[in-house]
Amino acid sequence: MIGARPSRWWILAIPFAIALMLAAAGYRVGTFWFHNGQHRVLASADAGQWARASEDYTDVFGDTTRSYAVRLAGWGHKSSTFVNGRGEEFALPDGIVARTVNLEFEAEPDQALTSCTISLIDAQGRRFDNGGSTSQVANESSACVPEETPGPSVAVLDTDVRGATPDDTQPRPTRWATSPQVVVPRDAEIVEVRVSFEHPDYVRLMPER
C-alpha cells in the first residue's frame, strides 16, 4: 500500500542468516579436513606385535571392506640416497636421510592393498610420508605389497573385477614383507609409524624407544 512502511523484520533476520551461513561453511571445512588427513586410528600395536584392521571403502561397484594385519618388524639402515620403485637412485640434500621401514603384512589374496601411504611421525609432531614432496622421490604402489605379486587394486572401471589378481601376475601370498623408504631429517626422532589406505583411517605402529 502506498505510504506503508517497509517491514524491518528482514533487517533483524540478517545476523541470524549470517550465523547460519558461517555454521554451514564451518561444517563443510571441518568435514573436508577430517576426510583429507589421518585422523582416525583403526588399530594400534607396539613394535613386533600385529595390528589387525578392517576398514570400509567405496569402489566403482559400491561399498566394500578391506581387512589386513601389519606389524613393525624393525628398521633398516639410514641412507643418503633414495631408490624409487623404478630402481632410480637420487642423492639427498645434506641433513636429509631415507629411513627404511621393515613391515610384515597378512591378508587374503583378494584384498586390494596397493597404493598405501607409510608415514613417520617424529617427536615434534611432524609427519613424513613415503610419497615425498617431489615426484622424483615418490614411491610406487608397492610400499605395502610385494613388487612381483601385488594382488588386486581398487576397482575403478566397470570392466574391473573386484578382488581379481592381475592376469600377468601370480596371486599374492597370505603373508609377506616390505621395506619402503621414507625421507626424513637426519635428526628426526621417530615415535610412530602409520599405515594408511584411505583417509581419514590409519593403523598406528609404535617403535621401541
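Values for this structure:
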{"item": "HIS77, sole failed condition from (1) modelled with pLDDT of 90 or more; (2) assigned to a strand (DSSP E or B)", "result": "(1)"}
{"item": "Total residues in the stretch 164-193, condition assigned to a loop (DSSP other than H, G, I, E, B) and either surrounded by fewer than 16 Cβ atoms within 10 Å (Cβ to Cβ) or of a type in the set (Phe, Trp, Tyr) (or both)", "result": "13"}
{"item": "Any hit, the stretch 51-71, residues being over 17 Å from the mean Cα position of the chain (by Cα), small (Gly, Ala, Ser), outside any helix (DSSP H, G or I) and at pLDDT 95 or above", "result": "yes"}
{"item": "Per-region count, the stretch 200-209, residues part of a loop (DSSP other than H, G, I, E, B), out of contact with any helix residue (DSSP H, G or I) (no Cβ under 6 Å at 6 or more places or on another chain) and of a type outside the set (D, E, K, R)", "result": "1"}
{"item": "Unmet criterion (only one of (1) within 28 Å of THR165 (Cα to Cα); (2) crowded, with 18+ Cβ neighbours inside 10 Å; (3) at pLDDT 95 or above) for LEU120", "result": "(1)"}
{"item": "Test result for GLY125, within 28 Å of GLU208 (Cα to Cα) and not in a strand (DSSP E or B)", "result": "yes"}
{"item": "Single unsatisfied condition, ARG209 versus (1) closer than 15 Å to ARG99 by Cα; (2) at pLDDT below 90; (3) not polar (S, T, N, Q)", "result": "(1)"}
{"item": "Condition met for LEU113 (surrounded by 19 or more Cβ atoms within 10 Å (Cβ to Cβ), modelled with pLDDT of 95 or more, in contact with a Gly (Cβ under 7 Å, 6 or more places away or on another chain) and closer than 23 Å to TYR202 by Cα)", "result": "yes"}
{"item": "Number of the condition not met by GLN38 [criteria: (1) of a type outside the set (Val, Ile, Thr); (2) part of a strand (DSSP E or B); (3) at pLDDT below 95]", "result": "(2)"}
{"item": "Which listed residue is surrounded by fewer than 16 Cβ atoms within 10 Å (Cβ to Cβ), of a type outside the set (A, V, I, L, M, F, W, C) and over 16 Å from the mean Cα position of the chain (by Cα), from GLU104, GLU89", "result": "GLU89"}
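A quick yes/no check of all residues on (1) under 18 Å from the mean Cα position of the chain (by Cα); (2) at pLDDT below 95:
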| site | (1), (2) |
| --- | --- |
| THR134 | yes, yes |
| GLU147 | no, yes |
| THR159 | no, yes |
| ARG175 | no, no |
| GLU192 | yes, no |
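The values are calculated or read from the model by the stated rules, or taken from the named source; none is laboratory data. Quantities reported herein were computed from a predicted structural model and do not represent experimental measurements. No Cβ is skipped: glycine too gets one built from the backbone with ideal geometry, and neighbour counts run over all protein chains shown.
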